[in-house]
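What follows is calculated from the coordinates using simple rules that are stated; it is not laboratory data. Quick caveat: nothing in here was measured; it's all calculated off a predicted structure. Positions of Cβ are backbone-derived with ideal geometry, glycine not excepted, and every protein chain shown enters the neighbour counts.
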Amino acid sequence: MSRRLQFILAAGLASLLIASPATAQSPVKVVATFSILADLARNVGGDRIAVTSLVAPDGDAHVYAPTPADAKQLSDAQLVLVNGLGFEGWIARLIKASSTKAPTVTASTGVKPLKAADAHGHGESDPHAWQSIANTKTYVGNIRDGLIKADPAGRATYEANATAYLAKLDALETEVKEAIAKIPAERRRIITTHDAFGYFGATYGMTFIAPAGVSTESEASAKDVAKIITQIKKQKIPAVFLENVSDPRLMQQIAKESGARIGGKLYSDALSAPGQQAGTYLDMMRSNVREFSTALVM
């Protein structure tokens, strides 16, 4: 083969490689406000996107304080994903400060919000809509549509990934309903200082009760624990999940004096670190249901 022909062939191959979508496509930069949204985005976007979560796993989006680095992330973003419903009280200021030109997708658009209890501090609507899997399907649809607008060339990928993930959510919903059905109806009542399970309770037939007069912002005192014990006895609550009671002696006192079972760790507003028991949305929901079943099934 002549050198001229070799050169022509090499040049042609190089031009094909440069034009190839696989090599020309840079990942779409997506910034999600918290870890649950980031996980949903990864499932829809796959390899076509690079996702950053402002609030890390195990972080609390309610009290999060944005940093200059967050503003830089937003300014570089091609798409911003927010929950909405008042969940991220800081996001509007951060978006303005970042001067980002990226479109913002509100994942909860189309969800019928529940009214927030006065103690929640979120305003009129309960923002924790992802605790209903049906609502999470709405989130996935909104994320898919947002990605298609930001990256029209990826439509087929986003649609296929979303369809596959929605099938996983369907299977998860069946699992959750079957697990809750095994809990006697009269035992589907829990006291918890988590305020994030209103949608779960409304969708799957469980009652979540906030302990009367107990703040979720600080460690429960002995006086608080006495109130909790009285409430458990009065309302015949079979299980208690208390995120703000870390003293094992107080937990033992609650169990001994009330007869209620003490539940394990619940995940509400954030995933665990990757690879742990609630590292994805699917794993988080399964983990919580296992904890409910362990505490409530006789």
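Where is the GNM fluctuation largest for the chain (alpha-carbon springs, 10 angstrom cutoff): Asp170, Asp224, Asp247?
Asp247
Normalising by the residue count of the chain, find the relative contact order in percent from Cα pairs under 8 Å and 6+ residues apart.
Taking the mean separation of contacting Cα pairs over the length of the chain, I get 16 percent.
Hey, what number do you get for the chain at 222 nm if only DSSP H runs of n ≥ 4 count, each worth -39500 (n - 2.57), divided across all residues, to the nearest 500?
Only helices count here, giving -15000 deg cm²/dmol.
Under a Cβ-Cβ cut-off of 12 Å, what is the net charge of the residues other than Val225 that fall near it, where Lys and Arg count +1 and Asp and Glu count -1?
Values: positive: Lys223, Lys227, Arg249, Lys256; negative: Glu219, Asp224, Asp247, Glu257.
Residues near Val225 contribute 0 overall.
May I ask you to list the trypsin sites (Lys or Arg not before Pro) in the range 48-108 that are in a DSSP loop and have at most 11 other Cβ atoms within 10 Å of their Cβ?
In loop regions of the range 48-108 (DSSP not H, G, I, E or B), the sparsely surrounded trypsin sites (Lys or Arg not before Pro) are Lys101.
Please order Tyr281, Tyr165 by the number of other Cβ within 10 Å, starting at the fewest.
Tyr165, Tyr281
Determine the distance separating the Cα centre of the range 138-171 from the Cα centre of the range 236-282; give it in Å without decimals.
34
Which of these values of Rg/Rh (Cα atoms, Kirkwood Rh) was calculated from the structure shown: (1) 1.10; (2) 0.93; (3) 0.97?
(1)
Normalised by the number of residues in the range 125-180, what is the relative contact order in percent for Cα pairs under 8 Å and 6+ residues apart?
In percent, rounded to a whole number, it is 29.
Determine the percent antiparallel among the DSSP beta bridges restricted to the chain, to the nearest 5.
Working: 1 of 21 bridges.
Counting DSSP beta bridges with both partners in the chain, the antiparallel share is about 5 percent.
Provide Thr280, Thr33, Thr109 in ascending order of the number of other Cβ atoms located within 10 Å of each residue's Cβ, fewest first. Display every interim value, and only then the final one.
Values: Thr280 18, Thr33 26, Thr109 14.
In increasing order of surrounding Cβ atoms, one gets Thr109, Thr280, Thr33.
Report the antiparallel proportion of the DSSP beta bridges in the range 21-175 as a percent, rounded to a multiple of 5.
Beta bridges within the range 21-175, antiparallel portion: roughly 10 percent.
In debye, nearest 20: dipole of the chain around its Cα centre with unit charges on the Cβ of K, R (+) and D, E (-)?
Dipole magnitude for the chain comes out near 420 debye.
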